[in-house]
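Asker: One structure, pasted below without further comment.
The values are calculated or read from the model by the stated rules, or taken from the named source; none is laboratory data. Computed from a prediction, not measured in an experiment: that's the story for all the values here. No Cβ is skipped: glycine too gets one built from the backbone with ideal geometry, and neighbour counts run over all protein chains shown. Surface areas here come from the heavy atoms of the whole protein model, side chains and all, with no ligands, DNA or RNA. Shrake-Rupley method; radii C 1.70, N 1.55, O 1.52, S 1.80 Å.
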Amino acid sequence: QVKIIIIVMDFFENFVEYYDELFPVAESKIQFYENLQNNFTTPIKSLHLGSATGVLEHHLAKKGFDITGIEVSQPLLDSACLKRRTQLMSLRFFKLSTLLMGNVLGKNFYNVISALNDRIIFVKTKEAFETLISQCKELLTHDGIFIIQTHNYNKIKKENDFSILTRKSIRTSLESEINTIGNEFFITQTLETPNGKKVSISNNQKIYIPYPTEIEEIAKKYNYSKVEFFEDFENTPFTENSNELICILHA
């Protein structure tokens with residue numbers, strides 16, 4: 001059995017209060033998305049998988065994006081909807097699982113689909129991950145892109161005790177521990193509140209970890225034209241020493 005500490009989240013009421021400070025939206029990420037306006041006809045139709053509290057989505061909607069966010073956690077979804085200041089924004093949030101989105105959302109409609117902040121690992125199995133990749137290909141326009149942000153798990157596996165830093169803000173911290181059983185991975189998460197109380201967010205929840213080579217193989221299987229890997233949203237080339245993996249699948 002091995003253990004790794006990583007940055008992740010789960011979807012419970014006692015976590016929503018701290019989500020935005022634990023997962024702030026970096027300026028480089030905002031700029032990356034704004035730069036996409038040079039590649040597509042505006043308004044860009046953008047689908048966000050696991051949109052959480054919707055901070056990035058609200059910002060992009062103000063910049064003229066047409067945004068759809070889907071989320072399975074009702075507390076996170078409520079937080080995103082409460083941020084909406086005007087009905088004139090092209091912005092909507094739905095409670096919808098990625099497993100069902102192919103039956104609900106429009107085919108060949110979205111220029112950009114995103115799965116950020118390591119939410120991709122919660123698909124749980126390789127089969128579910130393949131289904132997600134396949135569904136996104138159907139939902140994308142012919143020139144669309146699917147963006148995945150996750151950790152470089154190959155690097156994590158090589159480090160002592162398979163650990164990286166816990167995510168922290170001024171008020172709180174989120175610690176996540178992954179255990180392996182055979183070839184499967186399970187995550188346990190603990191939130192420390194400002195008064196020092198530790199709250200269990202999830203306990204031994206099954207996850208799936210996609211590696212770059214596997215992403216490439218599955219993308220090829222479902223006829224994506226190209227796959228690019230970066231270590232950040234400034235398009236720095238990805239290496240084995242990168243902490244994060246930004247994967248861009250081109251339809």
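Asker: Within the group Pro210, Pro237, Pro194, which residue is closer than 27 Å to Ile30 by Cβ and open to solvent by 20 Å² or more (accessible area, probe 1.4 Å)?
Answerer: On inspection, the qualifying residue turns out to be Pro237.
Asker: Scanning region 166-184 for residues that are in contact (Cβ under 8 Å) with a residue 40 or more places away in the chain and farther than 12 Å from Glu21 by Cβ, which turns out surrounded by the fewest Cβ atoms within 10 Å (Cβ to Cβ)?
Answerer: Of everything passing the filter in region 166-184, Ile181 is surrounded by the fewest Cβ atoms within 10 Å (Cβ to Cβ).
Asker: Which residue is modelled with the lowest pLDDT, if the candidates are limited to region 146-178 and must be of a type in the set (Ser, Thr, Tyr) and assigned to a strand (DSSP E or B)?
Answerer: It comes out as Ser176.
Asker: Among the residues of region 58-80, which ones are open to solvent by less than 10 Å² (accessible area, probe 1.4 Å) and of a type outside the set (A, V, I, L, M)?
Answerer: Hits for region 58-80 are Phe65, Thr68, Gly69, Glu71, Ser73.
Asker: Would you point out which residue out of Leu99, Leu47, Leu56 is under 17 Å from the mean Cα position of the chain (by Cα), closer than 18 Å to Leu132 by Cα and at pLDDT 95 or above? Can you show your working first?
Answerer: On the way: Leu99 fails: at pLDDT 95 or above; Leu56 fails: closer than 18 Å to Leu132 by Cα.
Answer to the selection: Leu47.
Asker: Limited to region 96-136, what total is found for residues that are closer than 23 Å to Phe32 by Cα, among the polar types (S, T, N, Q) and surrounded by fewer than 22 Cβ atoms within 10 Å (Cβ to Cβ)?
Answerer: 2
Asker: List the number of the failed condition for Glu17; all other conditions in (1) assigned to a helix (DSSP H, G or I); (2) open to solvent by less than 30 Å² (accessible area, probe 1.4 Å); (3) modelled with pLDDT under 95 hold.
Answerer: Of (1) assigned to a helix (DSSP H, G or I); (2) open to solvent by less than 30 Å² (accessible area, probe 1.4 Å); (3) modelled with pLDDT under 95, only one is false for Glu17: (2).
Asker: Further question on the same structure: Quick one: Lys29 ticks every box in (1) under 21 Å from Ile121 (Cα atoms); (2) part of a strand (DSSP E or B); (3) at pLDDT 95 or above bar one, so which box is it?
Answerer: (2)
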